[in-house]
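Colleague: I have a structure I would like to understand better, so I am pasting it below and will then ask my questions one at a time.
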Number of protein chains: 2
Amino acid sequence: MDERAALDVLADRLPTAGDDCAVVDGQVLTTDMLHATTDFPEGTTRYTAGWRAIGASLSDVASMGAAATATVAVYGAPTFDEDDLLAFVDGAADVCDAVEAEYVGGDLDSTDELTIVSTALGRTDDPVLRSGAEVGDAVCVTGTLGRSAAAFRLFERGDVEIANDLYQFLPRVAAGVALREHATAMMDSSDGLARSLHQLAEASGCGFAVESPLPIDPSVDDVATDDADRLELGAFFGEDFELVCTMPESNLSRAREEVPCELTRIGTVTESGVTLDGDPLPDRGWTH
Amino acid sequence: MDERAALDVLADRLPTAGDDCAVVDGQVLTTDMLHATTDFPEGTTRYTAGWRAIGASLSDVASMGAAATATVAVYGAPTFDEDDLLAFVDGAADVCDAVEAEYVGGDLDSTDELTIVSTALGRTDDPVLRSGAEVGDAVCVTGTLGRSAAAFRLFERGDVEIANDLYQFLPRVAAGVALREHATAMMDSSDGLARSLHQLAEASGCGFAVESPLPIDPSVDDVATDDADRLELGAFFGEDFELVCTMPESNLSRAREEVPCELTRIGTVTESGVTLDGDPLPDRGWTH
């Protein structure tokens, strides 16, 4: 059984799970494991690893439209080096500061490879779920897509300084809170735009007609080999941590005013099928 | 740098850490990683693993005197089997039911060995910390010591059924809540009674004069080879998840009435030094 099939098994058993966070008692709670081999390419600093691991969980909080409260992490490594540890904690604390949350600590453990488990807690009485998109709603995305994909390419090339910069993303907590009143459905784009749209479509029982141009990050243009590659990095690679949401057309202009980052309308909610410029958009992306 | 030294580095950097849970905004939050090789001997069922992993975090909540709210877990395994997964979730959900918390899900990941990261959330405006013990206070422990040690021996022998039973402990959440008004300092005995006393002594700037008999579990008598081995299993082995606390002598009888399990007075808070029947009690125990 692969991870997606296993998640389906769990979704049947745990009705509170299946969204980006579990919802409990006016709060949202999320936990996620990251590994060196899959999540931290060679050249990733410990500061970036701390920022990004905690940021990924803060992004899940954001995707529920919740304010972020606190985070903890388990830091697992083969050996403990003081500078590494303090850099990790600085990254974790700084990303929390950036979204007005608090990094409050966690646990250490010996593991064969760098393994970080981050957990974030948020607060909202009225979370935005993946279900709720209505036919005719506008489909929007925050910020730009493909920064992490570009970073991966740059890590491969050894351009680690700029790669580390791109790899430190601002979790869209403030945007999520602003979108809470407007959005009918929301999740983050951590598995890539394409897969996120398919997951939203499945949860909401709808389809999406998406139109280019997509808001692909300029950093992607610097590394993409051609247009197909550019789309691959922007729409399928994933690990982007932008918010993908739907809202009534009439909410769009107020949402744009209130969201403190770019909010691009990329299409419309339809009855069924996920398409880009009329062609089916494949359901593939980042597999954790 | 070993794990304890690394934790000291972090304690300096993170003033909210260092207790059994981090305290934030009227809540307590704790996260912990467990592995097959160190925490789940051969014969441990997935149900027991789920119960125990989540139970360990609930014990941390208990040790702050907090009511348990919700838990999540990352379940990492080399392969995903439906029966294993559901058994794990049943164990996690059942231990939550036993303490009136809610298991709300989590994440899956591929790992080389079974690896579980459990996180628990609790609620209290007035947490009991490790610091706060006063000279002359009574030192108490809930329940009995050495059940996990006995279980380890039984797993080694292949007596897995009774070992699994012993390995499923009731987190002392109700006891912790009852002790909140009475205790001056508290933590759990997950590293063993001896090490827990040393940690409480360090945090409170005091000592402990402990007197036998200690409340060692009858299951230990069935597996111990002699009196020294019995003390080893009862006071040093650890992984017990009882509460160790201090309180003014005058609170003791009311605390005993209100705590819904055995509460044994094992000694008195002193100026310095940790002794058992007058001899120094070594600072050793379970190393995670």
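The values are calculated or read from the model by the stated rules, or taken from the named source; none is laboratory data. Values in this document were obtained by computation on a predicted structure and should not be read as measured data. We place every Cβ from the backbone using ideal geometry, glycine too, and count neighbours over all the protein chains shown. Side chains are part of the model used for accessible areas, which takes the heavy atoms of the whole protein and leaves out ligands, DNA and RNA. Shrake-Rupley method; radii C 1.70, N 1.55, O 1.52, S 1.80 Å.
Colleague: Sum up the charges of everything whose Cβ sits under 10 Å from the Cβ of B:Ile216, counting Lys and Arg as +1 and Asp and Glu as -1, but leave B:Ile216 out.
Modeller: 0
Colleague: Taking a ≥ b ≥ c as the square roots of the eigenvalues of the Cα gyration tensor of segment B:3-123, is the shape rounded (a/c under 1.5), prolate (a/b larger than b/c) or oblate?
Modeller: Since a/c reaches 1.5 but b/c is at least a/b, the shape of segment B:3-123 is classed as oblate.
Colleague: Here's a follow-up. Report, by chain and number, residues whose modeled amide H sits under 5 Å from the one on A:Leu276, excluding near sequence neighbours (fewer than 5 apart, same chain).
Modeller: A:Val210, A:Leu281
Colleague: For q = 0.11, 0.14 Å⁻¹, what log10 I(q)/I(0) does chain B give under the Debye formula with an equal point scatterer on each alpha carbon and no solvent?
Modeller: Debye curve over Cα of chain B, log10 I(q)/I(0) at q = 0.11, 0.14 Å⁻¹: -0.60, -1.00.
Colleague: Calculate for chain A the 222 nm mean residue ellipticity that helices alone would give, adding -39,500 (n - 2.57) per DSSP H run of length 4 or more and normalising by residue count, nearest 500 deg cm²/dmol.
Modeller: -10500 deg cm²/dmol
Colleague: So for the pair B:Ile162, A:Asp12, with labels modelled 7 Å out along Cα→Cβ, what separation do we get in nm?
Modeller: With each label placed 7 Å out from Cα toward Cβ, I get 3.8 nm.
Colleague: Could I ask something else about it? Nothing charged except the Cβ atoms of Lys and Arg (+1) and of Asp and Glu (-1): what's the magnitude of the dipole of the protein assembly as shown about its Cα centre? Round to the nearest 20 debye.
Modeller: About 1000 debye.
Colleague: Report the calculated FRET efficiency for A:Val135 and A:Thr79 (r = Cβ-Cβ distance, R0 = 51 Å), to the nearest 0.05.
Modeller: 0.40
Colleague: Between segment B:91-120 and segment B:220-258, how far is it from one alpha carbon centroid to the other, in angstrom?
Modeller: One Cα centre to the other: 27 Å.
Colleague: Something else now. Take chain B, connect every pair of alpha-carbon atoms lying under 10 Å apart with a spring to form a Gaussian network, then pick out the residue of B:Met64, B:Met33, B:Met186 with the largest mean-square fluctuation.
Modeller: B:Met33
Colleague: How far is helix A:193-204 tilted, in degrees, relative to the longest principal axis of the Cα atoms in chain A, given as a value from 0 to 90 rounded to the nearest 10?
Modeller: Helix A:193-204 sits at roughly 60 degrees to that axis.
Colleague: Tabulate in residue order the Karplus-calculated ³J(HN,Hα) for segment B:232-248, using 6.51 cos²θ - 1.76 cosθ + 1.60 with θ = phi - 60°, rounded to whole Hz; enter x for Gly and Pro.
Modeller: 4, 5, x, 10, 10, 4, x, 6, 9, 6, 8, 9, 10, 8, 10, 7, x
Colleague: Report the GluC sites (Glu not before Pro) located in segment A:130-162 that are in a DSSP loop and have at most 13 other Cβ atoms inside 10 Å of their Cβ, or state none.
Modeller: The qualifying sites are A:Glu134.
Colleague: For segment B:51-80 and segment A:168-206, compute the distance between their C-alpha centroids and round to whole Å.
Modeller: Cα centroid of segment B:51-80 versus Cα centroid of segment A:168-206: 28 Å apart.
Colleague: Calculated FRET efficiency, B:Glu249 and A:Thr37, Cβ-Cβ r, R0 56 Å, to nearest 0.05?
Modeller: Result of the calculation: an efficiency of 0.50.
Colleague: Let me ask another. If you count, for every residue in A:30-43, the Cβ atoms of partner chains within 10 Å of its Cβ, what is the mean?
Modeller: Mean shielding by partner chains, rounded to a whole number: 3.
Colleague: Which log10 I(q)/I(0) values, to two decimals, does the protein assembly as shown give at q = 0.08, 0.12 Å⁻¹ under the Debye formula with one point per Cα?
Modeller: For the protein assembly as shown at q = 0.08, 0.12 Å⁻¹, log10 I(q)/I(0) is -0.55, -1.11.
Colleague: Give the carbon-plus-sulfur fraction of the accessible surface of the protein assembly as shown in %, rounded to a whole number; probe 1.4 Å, heavy atoms of protein chains only.
Modeller: 46 percent
Colleague: Which whole-number value in Å² is the accessible area per residue of segment B:159-288, probe 1.4 Å?
Modeller: Using a 1.4 Å probe on heavy atoms only, each residue of segment B:159-288 averages 42 Å².
Colleague: Continuing with the same structure: If we count every other residue with Cβ under 12 angstrom of A:Ala133's Cβ, Lys/Arg +1 and Asp/Glu -1, where does the sum land?
Modeller: Here the count lands on -3.
Colleague: Follow-up question, since we're still on this one. Name the residues whose placed amide hydrogens come within less than 5 Å of the amide hydrogen of B:Thr184, ignoring near sequence neighbours (fewer than 5 apart) on the same chain.
Modeller: Amide H neighbours of B:Thr184, under 5 Å, 5+ apart: B:Thr246, B:Met247.
Colleague: Turning to a different aspect of this structure: Pick from A:Val274, A:Val223, A:Val24: which is most flexible by mean-square fluctuation in a GNM of chain A where alpha carbon atoms under 10 Å apart are linked?
Modeller: Comparing A:Val274, A:Val223, A:Val24 in the GNM, the peak value goes to A:Val24.
Colleague: Would you mind computing, in nm to one decimal, how far apart the modelled labels at A:Glu181 and B:Glu3 are, each placed 7 Å from Cα along Cα→Cβ?
Modeller: For the pair A:Glu181/B:Glu3, the computed spacing is 4.8 nm.
Colleague: Measuring from a point 7 Å out along Cα→Cβ, what nm distances, shortest first, does A:Pro280 have to its partners in the other copies?
Modeller: Ordered by increasing distance: 7.4 nm.
Colleague: A further question on this structure: Would you please give the FRET efficiency between B:Asp94 and B:Asp277, computed as 1/(1 + (r/R0)^6) with r the Cβ-Cβ distance and R0 = 25 Å, to the nearest 0.05?
Modeller: About 0.05, to the nearest 0.05.
Colleague: In debye to the nearest 20, how big a dipole does segment A:1-71 give about its Cα centre with +1 on each Lys and Arg Cβ and -1 on each Asp and Glu Cβ?
Modeller: With Lys and Arg at +1 and Asp and Glu at -1, about 260 debye.
Colleague: Taking chain A as a Gaussian network, Cα atoms linked when under 10 Å apart, which of A:Asp39, A:Asp107, A:Asp229 shows the biggest mean-square fluctuation?
Modeller: Judging by the Gaussian network model, the answer is A:Asp107.
Colleague: Given segment A:138-280, report the % of alpha carbon pairs whose separation exceeds 20 Å.
Modeller: Of the Cα pairs, 45 percent sit more than 20 Å apart.
Colleague: Once the label point is placed 7 Å from Cα along Cβ, list for A:Glu181 the distances to the corresponding points in the other copies, in nm, shortest first.
Modeller: 4.3
Colleague: Say a label goes 7 Å from Cα toward Cβ at A:Asp112 in every copy; what distances in nm does this one have to the rest, shortest first?
Modeller: Label point to label point, same position, other copies: 0.3 nm.
Colleague: Hey, can you grab everything whose amide H is under 5 Å from the amide H of B:Leu34? Only 5+ residues off in sequence or another chain; H modelled, so Pro and N-termini drop out.
Modeller: Residues meeting the criterion, in which the H sits 1.01 Å from N, are B:Ile116, B:Val117, B:Ser118.
Colleague: Multiply the residue gap between B:Arg284 and B:Asp222 by 0.36 nm, knock off their C-alpha separation, and tell me the result in nm, one decimal place.
Modeller: Here the answer is 19.9 nm.
Colleague: Quick one: dipole size for segment A:232-288, taken about the Cα centre, charges +1 on Lys/Arg Cβ and -1 on Asp/Glu Cβ, in debye to the nearest 20.
Modeller: Dipole of segment A:232-288, to the nearest 20 debye: 140 debye.
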